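Participant: Let me begin by handing over the structure; questions about it come next.
The values are calculated or read from the model by the stated rules, or taken from the named source; none is laboratory data. As the structure is a prediction and not an experimental result, all values here were calculated from the model. All Cβ positions, even for glycine, are placed from backbone atoms using ideal geometry, and neighbour counts span all protein chains on display. Remember, those area values only see protein heavy atoms, side chains included, never the ligands or the DNA or RNA. Shrake-Rupley method; radii C 1.70, N 1.55, O 1.52, S 1.80 Å.
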Amino acid sequence: MTSSEIRSRFLAFFEKRGHAILPSASLITTDDPKATNATLFNTAGMQPLVPFLMGETHPEGSRLASSQKCVRTGDLEEVGDNTHATFFEMLGNWSLGDYFKEDAIAWSWEFLTSHDEGLGLDPNRLYVTVFAGNDAVPRDDEAVAIWKQFIPEHRIYYRDSKDNWWTAGPNSPAGPSTEMFYDLTGTLGDLSPEGFEQADEEQKLVEIWNDVFMAYRQEGGEVVGELPKKNVDTGAGLERVTAVMQGTTNIFDTDLYRPLIEMIKEHASTYNDTDARIVADHIKTAVFLINDGVVISNTGRGYVLRRILRRAYHSLESMGCSEKIVPQLIHIVIDMYRELYFKDVNEKQIAIKVKIVATEMDKIIKIIKRGVAIFKKIKDDPRATITGQFLMDLEQTHGLPLAISQKLAAQFGITISEEAIKDCERLREEHQALSRKGAEQKFKGGLEKDTEKIRALHTATHLMLAGLRKELGPDVHQKGSNITEERSRFDFTYGEKVEREALDKVEAYVNDAIATNAKMGVQMMDKDEAKNSDVVGSFWEKYPDTVKVWTISDKAGNIYSRELCGGPHVNELSEIAKFGTFKITKEESSSAGVRRIKAILE
Ligand code: SER
């Protein structure tokens with residue numbers, strides 16, 4: 001079965017069972033750090049859904065399914081083994097307070113084993129694990145009871161929270177999980193708990209699906225209570241499932257990588273599997289990142305892109321393979337996923353992506369030349385020692401990744417201590433944590449912090465923009481906004497002074513809406529679709545392909561405001577009313593063609 005057939009079978013299976021099929025969200029996490037726990041990229045299918053798993057109403061309903069693009073860079077060093085990749089797609093189905101363990105497990109089993117609608121896997125090659133329990137949450141005997149309808153009890157194993165507990169971060173929904181494993185060898189048969197662990201370690205087994213019963217709320221990494229609704233969050237890695245279906249022992253022998261690996265093999269003078277897999281994976285990831293708008297840089301997402309391209313170059317070089325094949329690899333990636341993700345990408349746009357990668361490759365060639373000079377000097381200096389800080393400086397200042405420094409050191413017969421390597425990795429993590437924090441700050445979208453009052457002013461500011469556009473016309477656009485506990489400061493395009501009379505009308509518009517206690521709803525929308533609708537927005541280019549649209553409407557369906565925004569907002573407008581009435585206290589010129597308003601709640 002081809003990977004695309006697996007993907008479509010999965011989505012069709014869940015669509016038939018009442019699930020709305022969501023398009024993959026952008027790899028880039030949304031601008032709301034609360035919603036994403038501030039990871040740089042979507043790392044699981046559930047990630048774009050966190051606000052809904054926490055209780056917000058999803059416009060598509062309570063049963064959802066998708067195939068989500070994901071990038072994980074935590075296991076970067078493991079890429080090249082049988083199962084790790086930085087880019088992958090996750091198939092998932094969700095229940096937002098709808099069905100729970102019974103249906104989730106039954107459908108997982110049915111999809112895995114049914115020949116008609118599913119994958120038709122041999123039940124005798126499947127094993128499952130369930131949560132063993134801890135101080136806060138009991139052993140998942142409910143899941144065991146359900147599983148026993150499908151699988152003999154001795155093929156159900158218990159694992160602790162290291163393996164069978166899922167959360168998207170310290171402050172997020174969480175719950176015990178049950179994982180499904182497949183015997184890649186076809187020879188394992190019944191396994192004792194020890195035998196099961198060993199087979200897993202030896203990669204004779206592969207985990208193919210994880211059902212999370214997301215019923216708990218975590219704060220600061222501790223379970224603090226149950227969620228208002230019990231959710232199901234499942235995830236199956238498409239690459240691994242494809243490996244199982246195509247009878248290969250590793251993901252790189254599947255149709256999701258084979259054309260890339262073959263091309264590399266053809267051009268490598270000293271081919272090896274590990275480096276070829278690194279190149280295939282990293283180039284694929286780079287294409288997807290660039291396509292979702294990541295720009296090469298020394299911090300945050302741009303730094304991840306830079307690092308993986310440098311690692312890709314390094315692996316090409318190790319195989320004696322010219323970097324000149326990279327444009328062909330990029331074309332292969334785009335062709336492979338064209339239908340799904342690159343439908344509108346034309347030749348000119350491909351050429352731009354190729355150029356971005358080629359420029360970076362040229363840079364790394366220069367850097368390596370510089371690195372050679374640096375290590376040569378160290379070799380000639382008997383007093384030189386290599387510290388973690390020195391290695392980190394090479395990365396930061398000279399752009400020389402640790403892996404390449406290690407390789408160059410080896411070439412010159414210089415030893416780098418384990419301690420220095422660990423120090424360098426620690427320093428890098430610290431640096432990344434700092435830049436992540438910086439990014440979070442930036443993404444707060446003009447809100448000083450996230451408090452009830454600031455949310456109230458933020459939602460009121462949406463109403464004000466709608467009111468301004470109603471009074472002054474559709475040429476009014478937001479230019480900037482800054483909201484503190486005291487006031488909302490708002491810049492917008494307009495050529496002349498706004499009369500007090502008009503400001504009064506805008507105030508009334510906002511206060512009338514608040515008085516109806518209209519609701520604030522949020523919806524994920526395809527960016528182009530939103531752009532071509534009545535959604536108001538500025539800075540579209542800063543948003544990913546899937547955007548958050550906030551709509552304020554009353555029971556009768558009157559829409560007061562519909563705007564593109566990362567959040568956060570109040571849920572209903574009574575949360576604004578409790579801070580008082582909305583007042584515009586000042587209107588002045590900000591710069592040519594831009595006016596500035598200050599408004600308060602009092
Ligand atoms: N969130 C879980 C995972 O990533 C299930 O989707 O495995």
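Participant: Scan region 588-600 and tell me whether some residue there is hydrophobic (A, V, I, L, M, F, W, C), open to solvent by 30 Å² or more (accessible area, probe 1.4 Å), in a loop (DSSP other than H, G, I, E, B) and without any contact (Cβ under 8 Å) to a residue 24 or more places away in the chain.
Facilitator: Yes, region 588-600 has at least one match.
Participant: All but one of (1) over 16 Å from Arg469 (Cα atoms); (2) of a type in the set (Ser, Thr, Tyr); (3) modelled with pLDDT under 80 hold for Ser553, so report the exception by its number.
Facilitator: Of (1) over 16 Å from Arg469 (Cα atoms); (2) of a type in the set (Ser, Thr, Tyr); (3) modelled with pLDDT under 80, only one is false for Ser553: (3).
Participant: Are any residues in region 228-265 more than 16 Å from the ligand (Cβ to nearest atom), hydrophobic (A, V, I, L, M, F, W, C), under 17 Å from Leu112 (Cβ atoms) and open to solvent by less than 10 Å² (accessible area, probe 1.4 Å), and if so, which ones?
Facilitator: Result: Ala243, single match.
Participant: Here's a follow-up. For region 46-59: of the residues being at pLDDT 90 or above and away from the ligand (no atom under 14 Å from the Cβ), which is surrounded by the fewest Cβ atoms within 10 Å (Cβ to Cβ)?
Facilitator: If we take residues in region 46-59 being at pLDDT 90 or above and away from the ligand (no atom under 14 Å from the Cβ), then Pro59 is surrounded by the fewest Cβ atoms within 10 Å (Cβ to Cβ).
Participant: A further question follows. Just give me the residues in region 512-536 being touching a residue at least 12 places away in the same chain (Cβ under 8 Å), closer than 20 Å to Gly473 by Cβ and in contact with a helix residue (DSSP H, G or I) (Cβ under 7 Å, 6 or more places away or on another chain), in sequence order.
Facilitator: Correct list: Ala513, Val536.
Participant: What number goes with the only condition from (1) within 20 Å of the chain's Cα centre (by Cα); (2) more than 25 Å from Thr129 (Cβ to Cβ); (3) at pLDDT 95 or above; (4) not β-branched (Val, Ile, Thr) that Ser62 does not pass?
Facilitator: It is condition (1) that Ser62 fails.
Participant: Does Thr270 satisfy being at pLDDT 95 or above, under 26 Å from the mean Cα position of the chain (by Cα), surrounded by fewer than 24 Cβ atoms within 10 Å (Cβ to Cβ) and of a type in the set (Ser, Thr, Tyr)? So that I can check it myself, show each step before the final result.
Facilitator: Values: at pLDDT 95 or above: yes; under 26 Å from the mean Cα position of the chain (by Cα): no; surrounded by fewer than 24 Cβ atoms within 10 Å (Cβ to Cβ): yes; of a type in the set (Ser, Thr, Tyr): yes.
No: the conditions fail for Thr270.
Participant: For region 2-30, name all the residues that are in a loop (DSSP other than H, G, I, E, B), farther than 21 Å from Phe288 by Cβ and either at pLDDT below 95 or of a type in the set (Asp, Glu) (or both). It would help to see each step written out before you state the result.
Facilitator: Applying the first criterion (in a loop (DSSP other than H, G, I, E, B)) to region 2-30 yields 2, 17-19, 23-27, 29-30.
With the extra rule that they be farther than 21 Å from Phe288 by Cβ, the set shrinks to 17-19.
Of everything in region 2-30, nothing turns out to be in a loop (DSSP other than H, G, I, E, B), farther than 21 Å from Phe288 by Cβ and either at pLDDT below 95 or of a type in the set (Asp, Glu) (or both).
Participant: State whether one or more residues within region 131-142 are among the acidic types (Asp, Glu), part of a strand (DSSP E or B) and within 16 Å of the ligand (Cβ to nearest atom).
Facilitator: There is no residue in region 131-142 that is among the acidic types (Asp, Glu), part of a strand (DSSP E or B) and within 16 Å of the ligand (Cβ to nearest atom).
Participant: Mind listing whichever residues of region 201-222 are touching a Ser or Thr at 6+ places or on another chain (Cβ under 9 Å) and either open to solvent by less than 50 Å² (accessible area, probe 1.4 Å) or within 11 Å of the ligand (Cβ to nearest atom) (or both)?
Facilitator: Result: Leu205, Val206, Glu207, Trp209, Asn210, Asp211, Val212, Phe213, Met214, Tyr216, Gln218, Gly221.
Participant: Given the options Glu430, Glu485, name the one that is acidic (Asp, Glu), open to solvent by 10 Å² or more (accessible area, probe 1.4 Å) and either over 25 Å from Thr299 (Cβ atoms) or in contact (Cβ under 8 Å) with a residue 60 or more places away in the chain (or both).
Facilitator: Working: Glu430 fails: either over 25 Å from Thr299 (Cβ atoms) or in contact (Cβ under 8 Å) with a residue 60 or more places away in the chain (or both).
Selected residue: Glu485, the only one of Glu430, Glu485 that is acidic (Asp, Glu), open to solvent by 10 Å² or more (accessible area, probe 1.4 Å) and either over 25 Å from Thr299 (Cβ atoms) or in contact (Cβ under 8 Å) with a residue 60 or more places away in the chain (or both).
Participant: For residues in region 329-357 being crowded, with 16+ Cβ neighbours inside 10 Å and not β-branched (Val, Ile, Thr), which is farthest from Ser8 (Cα to Cα)?
Facilitator: Here the answer is Lys353.
Participant: Only one residue in His282, His314 is modelled with pLDDT of 95 or more and assigned to a helix (DSSP H, G or I). Which one?
Facilitator: From the options His282, His314, the qualifying one is His282.
Participant: Please verify whether region 78-100 includes one or more residues that are modelled with pLDDT under 95, among the β-branched types (Val, Ile, Thr), buried (at least 17 other Cβ atoms within 10 Å of the Cβ) and in contact with a helix residue (DSSP H, G or I) (Cβ under 8 Å, 6 or more places away or on another chain).
Facilitator: Yes: one or more hits.
Participant: Return the residues of region 185-232 that are among the polar types (S, T, N, Q) and either part of a helix (DSSP H, G or I) or closer than 27 Å to Ile151 by Cα (or both); say none if nothing qualifies.
Facilitator: Thr185, Thr187, Ser192, Gln198, Gln203, Asn210, Asn231
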